[in-house]
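The values are calculated or read from the model by the stated rules, or taken from the named source; none is laboratory data. In this text, all values refer to a predicted model and were calculated from it rather than measured experimentally. Don't worry about glycine lacking a Cβ; one is built from the backbone with ideal geometry, like all the others, and counts go over all protein chains shown. Ligands, DNA and RNA are excluded from the accessible area calculation, which covers all protein heavy atoms including side chains. Shrake-Rupley method; radii C 1.70, N 1.55, O 1.52, S 1.80 Å.
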Amino acid sequence: MLLPWEIKCNITRAPARSILIACVSALMVCGMALYLRNIQVTEEALDNLARQMPVTVRVTNRDGYLHEGLRIQARDVDHLLESGVRDPVYTATEFTAEPVGSIYGTNTLDSLDGSDFTFMDGWDESFPMSGKPVIALRDDIAGKNGWKLGDKFRLEFSVPDVDAGAVMKVGGYSVTLIATYPGERDTVRAVMSADWLRNVAGLSLPDNMFRYSSFSAVIEEPRELNEYKAALERMGFHERSAVADPGIEGDAVSMDDERYIRTSGELRESLELYLMFLAPFFGLVTSIMAMVTFLSLRSCRRQIAITSSLGRPKFLNAAAHFCSTVLVQFTGCLLAMLILSLVLDLPPWQAGLVIGAFSICAAGGTALALLFLFRFDTLTLLTKEE
């Protein structure tokens with residue numbers, strides 16, 4: 001029971017010393033909290049940058065001039081969809097259907113200019129993602145054929161065989177009219193699900209006949225942009241080249257990543273700098289706590305020498321001072337964290353991280369200070385004149 005009483009006496013015997021240690025501890029905790037907070041804020045800024053400044057990957061022809069009206073292999077689109085992208089927009093515009101005419105296949109109406117669609121009950125703007133045999137027609141096309149919302153009718157689909165210079169019949173399929181929209185002669189005549197068109201083509205056409213005409217998507221993890229570019233190269237995509245034979249094959253990609261790279265580069269440099277000096281900063285905190293503990297307990301060496309001369313092991317003497325000092329430091333830490341949690345709105349996990357990091361640094365610094373403090377000869381210290 002002697003040790004708890006000693007700890008209490010060490011704290012209350014010199015209140016000024018205890019307050020000094022608590023204040024220094026609180027100051028160190030504030031510094032650590034702000035340092036770790038800066039790291040967190042920088043990491044959050046990098047994560048948010050992907051949403052605030054999205055990087056779009058777009059399929060183009062070889063010289064990068066065309067990004068619509070292309071011939072993109074279906075397997076290439078599959079690879080892109082599996083490569084870590086979100087919000088994909090792709091179209092397939094080679095299909096024609098009699099008596100409607102050209103078909104605009106897509107997976108989202110975002111690829112159009114926001115035409116004013118009128119939907120039948122149960123359908124909305126998401127119908128291109130349904131993969132079902134439904135169609136949206138321009139008003140004049142529907143009126144010319146006497147079709148109204150909810151009607152089912154048969155269309156004869158076909159696609160061009162570019163290599164043979166002919167037209168390949170896909171077959172006749174029944175579709176349902178679920179939307180109409182106004183438009184002029186030069187606007188899209190009919191809109192269908194690109195996924196459904198691909199499924200139909202897979203049933204009727206030879207392998208690799210189906211082609212997409214455009215593709216774009218937002219990269220999910222732009223922080224790994226270099227790895228993503230390397231993956232695109234492995235997929236067989238080329239970099240744009242102004243001197244390349246243009247053509248209409250969609251086998252190249254473009255990215256609007258210059259602004260993101262510039263901004264993220266600055267944030268990455270800041271984050272790397274913070275992380276580089278994290279260990280030295282913790283070492284500095286440990287050294288400051290060791291110095292403060294050594295200077296504040298230096299006046300106790302004669303008292304320690306007296307108890308040691310009475311036969312008490314130095315280890316127990318050191319344990320009493322270690323526990324009392326760490327307790328005062330921890331009290332200052334908790335007071336500082338209480339204030340910082342209110343001012344900085346620190347989440348509990350971050351507050352716990354700061355407390356844990358400071359406790360390790362403070363305990364290490366205190367142990368180091370006591371190691372130097374107890375390196376004395378008891379008899380020499382007792383006989384030394386003040």
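The strands (runs of 3 or more DSSP E) found wholly in the range 67-168 and carrying at least 1 residues that are among the aliphatic types (A, V, I, L, M) and open to solvent by 30 Å² or more (accessible area, probe 1.4 Å) occupy 85-92.
Scanning the range 56-66 for residues that are open to solvent by 10 Å² or more (accessible area, probe 1.4 Å) and not β-branched (Val, Ile, Thr) yields Arg58, Arg62, Asp63, Gly64, Tyr65, Leu66. Counting only residues that are in contact with a strand residue (DSSP E or B) (Cβ under 7 Å, 6 or more places away or on another chain), among the aliphatic types (A, V, I, L, M) and open to solvent by 40 Å² or more (accessible area, probe 1.4 Å), the range 248-282 holds 1 of them.
Could you list all residues from the range 169-190 that are open to solvent by less than 50 Å² (accessible area, probe 1.4 Å) and at pLDDT 90 or above? Within the range 169-190, Gly172, Val175, Thr176, Leu177, Ile178, Ala179, Thr180, Tyr181, Ala190 qualify.
Does Gly247 fit the bill of being part of a loop (DSSP other than H, G, I, E, B) and either of a type in the set (Phe, Trp, Tyr) or closer than 28 Å to Asp161 by Cα (or both)? Yes. Taking the range 225-259 as the range and being among the polar types (S, T, N, Q) and over 20 Å from Gly69 (Cα atoms) as the test, only Asn226 passes.
In the range 213-241, the residues that are free of Cβ contacts under 8 Å to residues at least 40 places away in the same chain form Cβ pairs under 8 Å with partners that are in a strand (DSSP E or B), at six or more places apart or across chains, as follows: Lys229/Met255; Glu239/Ala252; Glu239/Val253.
Taking the range 1-20 as the range and being modelled with pLDDT of 85 or more and buried (at least 16 other Cβ atoms within 10 Å of the Cβ) as the test, only Leu20 passes. Do we find a residue being touching a strand residue (DSSP E or B) at 6+ places or on another chain (Cβ under 7 Å) and under 17 Å from Phe95 (Cα atoms) anywhere in the range 215-229? So far as the range 215-229 goes, yes, one or more of its residues are touching a strand residue (DSSP E or B) at 6+ places or on another chain (Cβ under 7 Å) and under 17 Å from Phe95 (Cα atoms). Taken together, the residues in the range 343-358 that are over 23 Å from Leu284 (Cα atoms) and more than 27 Å from the chain's Cα centre (by Cα) amount to 0.
Restricting attention to the range 205-219, the residues that are at pLDDT 90 or above and over 16 Å from Leu70 (Cβ atoms) add up to 2. Within the range 191-202, the residues that satisfy the criterion of being under 13 Å from Glu94 (Cβ atoms) and open to solvent by less than 20 Å² (accessible area, probe 1.4 Å) are Met192, Ala194, Leu197, Val200, Ala201. Does Val24 qualify as being part of a strand (DSSP E or B), under 30 Å from Ser270 (Cα atoms) and of a type in the set (Val, Ile, Thr)? Criteria not met by Val24.
Go through the residues of the range 255-263 one by one and say whether even a single one is of a type outside the set (A, V, I, L, M, F, W, C), in contact with an Asp or Glu (Cβ under 9 Å, 6 or more places away or on another chain) and without any contact (Cβ under 8 Å) to a residue 60 or more places away in the chain. Checked against the condition, which is being of a type outside the set (A, V, I, L, M, F, W, C), in contact with an Asp or Glu (Cβ under 9 Å, 6 or more places away or on another chain) and without any contact (Cβ under 8 Å) to a residue 60 or more places away in the chain, the range 255-263 yields no hits at all. Checked against (1) under 30 Å from Asn48 (Cα atoms); (2) at pLDDT 85 or above, Asp251 passes all but a single condition, namely (1).
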